[in-house]
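Heads up: the structure comes next, in structure tokens.
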Amino acid sequence: MRLRSIVMTALLGVAASGAFAQAKEQFFPLLSYRTGPYAPNGTPWANGKQDYLKMINARDGGINGVKLTFEECETGYATDKGVECYERLKSRPGAALFDPQATGITFALTEKVPNDKIPLITLGYGLSVSQDGNAFKWNFPIMGSYWTGADILIQHIAKKEGGFDKLKGKKIALVYHDSPFGKEPIPLLQERAKMHGFQLELIPVTAPGVEQKAAWLQVRQQRPDYVLLWGWGVMNSTALKEAQATGYPRDKMYGVWWAGAEPDVKDVGEGAKGYNALALNTSGQQPKVIQDILKYVHDKGQGTGPRDEVGSVLYTRGVIIQMLGVEAVRRAQERYGKGKVMTGEQVRWGLENLALDQKRLDALGFNGVLRPISTSCQDHMGSTWARIHTWDGKKWNFSSDWYEADEQIIKPMVKTGAEKYLADKKMERRQPADCQS
């Protein structure tokens, strides 16, 4: 009896020490795709996310003493694999949030997260209607959606033409990835077309987008004044090569922010000169946060990918996403206890109460990288600003000032879409008291 008591005490001690170790680790599940046709774009994104977590551990010792851990799970951009990764990682102790890295996976997980009580951060992608935090408690399309992106592109084209009234009679083609991702901007573009009298041509491209002859035959036949490119991965460089072969001017092409990174243009080089795309963030190794990643991670031989990739467009976007997750945990700790591991529900509150003003962004090393972000119960996006950058044959250069999406157009669409979603799912809006919880 005495021996059994000693063994039980020892086992309890081991369990307690294990629980204590777990209690000091905040886990970040990382869905990624380093294989398949989207790997050239998915890889730097994933590397930026990992390196930021490593840097926070090395430089700061974690978040108020809580160490950050992570595990990657390969999805190949496939929805079914993304759901499998989610199911496998969601129950890990200290799981903070998920960044699905794909609109299709986001659609599937949106059904699951309310029951599992773990938030989704979908920076610049996902469901446009999830900006409405009163309807989508667990979704955070921070910094923009495909509706805000499409709206800014139309604003920019109108400015080039000399005003919205000059869009009447113009023809704008959307060459899009035939998936939930590519279809998302269509309602906003249809609304703008109705407002301004331009003709919208919809030209789908079958995923992954390596075969686009038929699409660009349509472009050649229809001769649109502008082409909007809603592509990802190999689809983007293929589109630019087809435009070159077809003789469509690249300076009349505008890509979404997922079609405006180095992998999209570097193989096309001079052939992509003049091509424009939305930009949510800067690139380059000048920002302090990038310098800190080089110092605390790459200089120590701990870098996830090649050093010369650090600071590229998608790498930096991965860094931003992970910064938002870390700051959501930090914000949650301010309310629920500094130095403690936050639950998914507590991290959700942190995401809903971000207050990253310019002073805070500067302190984090993100001066000039992105605009300030402030979220609320009603607004899970926090910022709708973007710029245009243009490829000069060798590098990206900003070619516009910041634009802000027109909320007078978008908010009614978001509300209508959110109401429909809630009705279809037999769900109700959050009560005011829930915003205080």
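The values are calculated or read from the model by the stated rules, or taken from the named source; none is laboratory data. Just so you know, these numbers come straight off a predicted model, no measurement behind them. Cβ placement follows ideal geometry from the backbone for every residue including glycine, while neighbour counts extend to all protein chains displayed. Surface areas here come from the heavy atoms of the whole protein model, side chains and all, with no ligands, DNA or RNA. Shrake-Rupley method; radii C 1.70, N 1.55, O 1.52, S 1.80 Å.
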* Which links in Lys170/Lys273; Lys81/Lys112; Lys90/Lys137 stretch past 22 Å when you go from one Cα to the other? -> Lys170/Lys273
* Please list, or write none, the aspartates and glutamates whose alpha carbon is within less than 15 Å of the alpha carbon of Lys168, excluding same-chain residues fewer than 8 places away. => Glu191, Glu201, Asp225
* Asked: Under 5 Å between amide H atoms, partner at least 5 residues away or on a different chain: which partners does Glu201 have, H built in plane at 1.01 Å?
  -> Ile172, Ala173, Leu174
* **Across Lys49/Lys395; Lys213/Lys395; Lys49/Lys288; Lys117/Lys411; Lys171/Lys252, pairs whose alpha-carbon gap is larger than 19 Å** => Lys49/Lys395; Lys213/Lys395; Lys117/Lys411
* Structure fact -> In whole Hz, the Karplus estimates of ³J(HN,Hα) for the stretch 205-210 (6.51, -1.76, 1.60; θ = phi - 60°; x where Gly or Pro) are 10, 5, 5, x, x, 7
* Asked: If a helix is a whole DSSP H run, which ones in the chain reach 24 Å or further along their own axis (Cα) and hold a mean Kyte-Doolittle hydropathy of at least -0.5?
  -> 2-23, 313-336, 407-424
* Asked: In the chain, what percent of the accessible surface is made up of carbon and sulfur (1.4 Å probe, ligands and nucleic acids excluded)?
  -> 51
* Tell me, how many Å apart are the Cα centres for the stretch 253-320 and for the stretch 173-196? -> 27
* To do: State the Cα centre-to-centre distance between the stretch 72-107 and the stretch 401-437 in whole Å.
  => 24
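Of the listed peptides 36-46, 418-428, 188-198, what is their order by residue-averaged count of other C-beta atoms within 10 Å, with the highest listed first?
Packing proxy ranking, top to bottom: 36-46, 188-198, 418-428.
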* Asked: So, counting K/R as plus one and D/E as minus one, what does the shell of residues with Cβ under 13 Å around Asp116 add up to?
  -> +4
* Taking amide hydrogens as modeled 1.01 Å from N in the peptide plane, which residues meet the under 5 Å criterion relative to Leu31, leaving out close sequence neighbours? -> Cys73, Asp99
* Compute the accessible area per residue over the chain, keeping the other protein chains in place, probe 1.4 Å, unit Å². => 41
* By the scheme Lys and Arg +1, Asp and Glu -1, what is the net charge of all other residues having a beta-carbon under 11 Å from that of Ile105? -> -1
* Structure fact -> If the chain between Leu202 and Lys338 were fully extended at 0.36 nm per residue, the gain over the current Cα-Cα distance would be 43.9 nm
* To do: Could you pull out which residues in the stretch 196-212 have an amide N less than 19 Å from a spot 7 Å beyond the Cα of Asp165, following the Cα-Cβ vector?
  => 196-199
* Structure fact -> Of the candidate values (i) 25.5, 85; (ii) 22.5, 91; (iii) 21.2, 67, the one computed for Rg and Dmax of the Cα atoms in Å from this structure is (ii)
* Using the per-residue mean of other Cβ atoms lying within 10 Å as a proxy for protection, in what order, highest first, do the peptides 150-159, 98-107 fall? -> 98-107, 150-159
* Take the alpha carbon atoms of the stretch 377-425, find their radius of gyration, then divide it by 2.2 N^0.38 Å using N residues; give the quotient. => 1.71
* Asked: Along the Cα-to-C-beta direction of Gln436, a point sits 7 Å from the Cα; which residues of the stretch 329-347 have their amide N less than 18 Å from that point?
  -> 335-336
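What is the sum of charges around Lys67, taking Lys and Arg as +1, Asp and Glu as -1, for the other residues whose C-beta is under 12 Å from the C-beta of Lys67?
0
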* To do: Tell me what the chain gives for mean residue ellipticity at 222 nm when only DSSP H runs of n ≥ 4 count, each as -39,500 (n - 2.57), the sum divided by the residue total, rounded to 500 deg cm²/dmol.
  => -13500 deg cm²/dmol
